[in-house]
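Novice: A single structure is presented below for examination.
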Amino acid sequence: LHPRVRRQRQMCIETDLDLAQQKRSYISNPYAGFVINMSKAFAERYFGSEEKALSLLKQNLSMARSRRVHPDKAVNVLSEITELYEKRGQQDSLQRYLDMYYTESVRQHQNNLIVDCMRLYMNYHIQHNNLDSAIIYQKRYFALKDSILDIRNFMATTGMHTQILKKKDKTTILKQSSLISRQWTFLIVLILFVVSFAVARLYFCLLYTSD
């Protein structure tokens, strides 16, 4: 064979071996395959084919559903799939995956994602001119969003208040310790003065008696 042909065949064999090795690593370590699929999906979504992105994301969803990776990973995948279907205007698929996204967000107590679901439901009903339903989800969206902000503000305020109280308590303790210290010093000086006065008086009494 011509050396160039031999080199090309060798390169093809090496490529096939690399692909086989990658496939084996995906099987032995599904999480690695999951991460790679997510990276490819992001690249396809923004720079390539949205269809390929959806295919990769659905592969990852299947991995989470079959517990090849942790089931909680499904919620992030569903979020990406739902956004893609919303962008593409595929309303039937959007509703199907949005329902799954909402169910999974509630199951995992992911409040931020539940808020996102309310926003998506609101937009979905606006697109279908279901204004009554859109208003309901709009109210839920703002109520949940405000409640999350209130909780965060409460926690932040509580934390600051606790720090202030601790600082005040420490300052109060230091002031009280200083006051007690000064009181003890004054008491000791007073005792010494009284004792000294008594000793001096006794001395003079003894001196006059001897005279």
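The values are calculated or read from the model by the stated rules, or taken from the named source; none is laboratory data. Because the structure is predicted, anything quoted here is derived from the model rather than measured. Note: ideal-geometry Cβ built from the backbone for every residue, glycine included; neighbour counts use all protein chains shown. These accessible areas exclude ligands, DNA and RNA; they are computed on the full protein's heavy atoms, side chains included. Shrake-Rupley method; radii C 1.70, N 1.55, O 1.52, S 1.80 Å.
Novice: Within segment 136-148, take every residue that is closer than 17 Å to T103 by Cα and not aliphatic (A, V, I, L, M) and give me the one that is most open to solvent (accessible area, probe 1.4 Å). Quick ask: steps written out before the conclusion?
Specialist: To start, the set of residues in segment 136-148 that are closer than 17 Å to T103 by Cα comprises 137, 140-141, 144.
Filter again for not aliphatic (A, V, I, L, M), leaving 137, 140-141.
On the way: Y137: 45, R140: 117, Y141: 34 Å².
The residue in question is R140.
Novice: Moving on. If the Cβ limit is 9 Å and pairs must be 6+ apart or interchain, which residue in segment 52-65 that is more than 11 Å from L84 (Cβ to Cβ) pairs with which residue that is aliphatic (A, V, I, L, M) and not in a helix (DSSP H, G or I)?
Specialist: Once the first residue is more than 11 Å from L84 (Cβ to Cβ) and sits in segment 52-65, its partners that are aliphatic (A, V, I, L, M) and not in a helix (DSSP H, G or I) give N60/V69; M63/V69.
Novice: Moving to a separate point now. Tell me yes or no: at least one residue of segment 160-174 is open to solvent by less than 80 Å² (accessible area, probe 1.4 Å), modelled with pLDDT of 60 or more and more than 20 Å from E83 (Cα to Cα). Step through it out loud before you land on a result.
Specialist: Initially, segment 160-174 is screened for residues open to solvent by less than 80 Å² (accessible area, probe 1.4 Å), giving 162, 165, 171-172.
Then drop every residue that is not modelled with pLDDT of 60 or more, which leaves 171.
With more than 20 Å from E83 (Cα to Cα) added as a condition, the list becomes 171.
Yes, segment 160-174 has at least one match.
Novice: While we're on this one: Output the residues belonging to segment 66-75 that are of a type in the set (K, R) and surrounded by 15 or more Cβ atoms within 10 Å (Cβ to Cβ). Reasoning before the result, please.
Specialist: Restricting attention to segment 66-75, the residues satisfying the condition of being of a type in the set (K, R) are 67-68, 73.
Passing the criteria: R68, K73.
Novice: I've got another one for you. Can you tell me which residues in segment 93-135 are open to solvent by less than 20 Å² (accessible area, probe 1.4 Å) and of a type in the set (A, V, I, L, M, F, W, C)? Walk me through how you get there before you give the answer.
Specialist: First, pick out the residues of segment 93-135 that are open to solvent by less than 20 Å² (accessible area, probe 1.4 Å): 94, 97-98, 101, 104-105, 115, 117-118, 120, 134.
The answer is L94, L98, V115, C117, M118, L120, A134.
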